[in-house]
1. Give His207, His237 a once-over and let me know the one that is at pLDDT below 95 and over 22 Å from Gln104 (Cβ atoms).
2. Which one is farthest from Ser138 (Cα to Cα) among residues in region 88-101 that are open to solvent by less than 10 Å² (accessible area, probe 1.4 Å) and of a type in the set (Ser, Thr, Tyr)?
3. Of the conditions (1) exposed (fewer than 13 other Cβ atoms within 10 Å of the Cβ); (2) assigned to a helix (DSSP H, G or I), Lys151 clears all except one; give me its number.
4. Tell me, yes or no, whether region 89-101 has at least one residue that is at pLDDT 95 or above, touching a strand residue (DSSP E or B) at 6+ places or on another chain (Cβ under 6 Å) and in a helix (DSSP H, G or I).
5. Please list, ordered by first then second residue, the pairs with beta carbon atoms under 6 Å, 6 or more apart or interchain, first in region 41-62 and at pLDDT 95 or above, second buried (at least 17 other Cβ atoms within 10 Å of the Cβ) and in a loop (DSSP other than H, G, I, E, B).
6. Being outside any loop (DSSP other than H, G, I, E, B) and farther than 15 Å from Ala47 by Cα is the filter here; which residues of region 268-303 pass it?
7. Here are the criteria: (1) part of a loop (DSSP other than H, G, I, E, B); (2) within 16 Å of the chain's Cα centre (by Cα); (3) acidic (Asp, Glu). Tell me which single one Glu254 does not satisfy.
8. Given the conditions (1) at pLDDT below 95; (2) open to solvent by 30 Å² or more (accessible area, probe 1.4 Å); (3) part of a helix (DSSP H, G or I), report the number of the one that Ala264 does not fulfil.
Amino acid sequence: MKSLMYLGVASLLVGCASSPPATNTSPASSTVTTTRTTATLYDYTIASPQGESLSVTQLAQALATADIILVGEWHSHPAAHLLQAQLMAALYQQNPHLTLSMEQFTRDKQAIVNDYLAGNIGEKTLVKEANAWPNYDSDYRPLVEFAKQNKLNVIAANAPKSIVRCVGRQGAEYLNKLPPNERLWAARSLTLTMDAYQQTFIASMHHGDEAQTKRQFAAQTTWDDTMAESMVDYLSHHPHQQIIHVAGRFHTMEGLGTASRIKARNPTLKVMMVTPVSDQISLDADAQDFTVKMQPLPQRYVQKDKMMAAMKAMGQRNSDLKCYK
């Protein structure tokens, strides 16, 4: 995920604590016992908030009354992206008034996304000029192509990375320094109260003083408030559409993040969540999310020095960031 460093660090720490492969060799015997499985990284199982097993078609039916469906993901997880594509097709089959909203494109690139959908530019131009994520070809192409083939709108919902990172450096007041045209690329207001989302965010932090944490949360909610506002504004002009929004799991799970910011802007909208889980990572017992259980991604690092080197490189990526003074 293109996010602040704390999220990347958290991912690295989780990866470092992952279990080793399920293959055991006894020193007293030459026999190797291997736990066999036919499951692949593409496989998943769906459950309702009450634990009822569902097919993709049944999931789409359960989501039929939602105005906005937030579909979380572990970025680059094959099962998460397969589910998104299959669910989008199932939703469209039962309701053609469907719109795709994406964390992976930003407001300043909306015209480029529109040009691609209209056939005015090619995919390479889209990828380059709209700053598509590195895994666009493998993970997000199916969603955009489905939208293009069926003449569906795509909302470039997010705030530009540079603005988010400058907010993380200077705080929420940075938005007041933006020129009028750039100010439109981020939410008109940010949710900075000590709500459940901020509490969850703070609990996930592993470093930094209070002032730094507040700046980082301001950056985090710049994403969520901008994505929420983008969808609420869209529905105010297209009231009969249903939106499927794809974004990182932390933004969408448990009705926090983006969901709470949508409801704050328009309490009448019905928002429903679809969230990936695994044997190692679950949700709060009271969560109303539909869950998609899948295998965890491979362990990122085994050696601590490799992980620390990656963390250091991540911390240096803002060295050429230029913010308004």
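The values are calculated or read from the model by the stated rules, or taken from the named source; none is laboratory data. Nothing here was measured: the structure is a model prediction, and the numbers come from that model. No Cβ is skipped: glycine too gets one built from the backbone with ideal geometry, and neighbour counts run over all protein chains shown. SASA here: full protein model, heavy atoms, side chains in, ligands and nucleic acids out. Shrake-Rupley method; radii C 1.70, N 1.55, O 1.52, S 1.80 Å.
1. His207
2. The residue in question is Thr99.
3. Among (1) exposed (fewer than 13 other Cβ atoms within 10 Å of the Cβ); (2) assigned to a helix (DSSP H, G or I), Lys151 violates only (2).
4. yes
5. So the pair list comes out as Leu41/Gln295.
6. Across region 268-303, the qualifying residue is only Val271.
7. Here Glu254 clears every test but (1).
8. Condition not satisfied by Ala264: (1).
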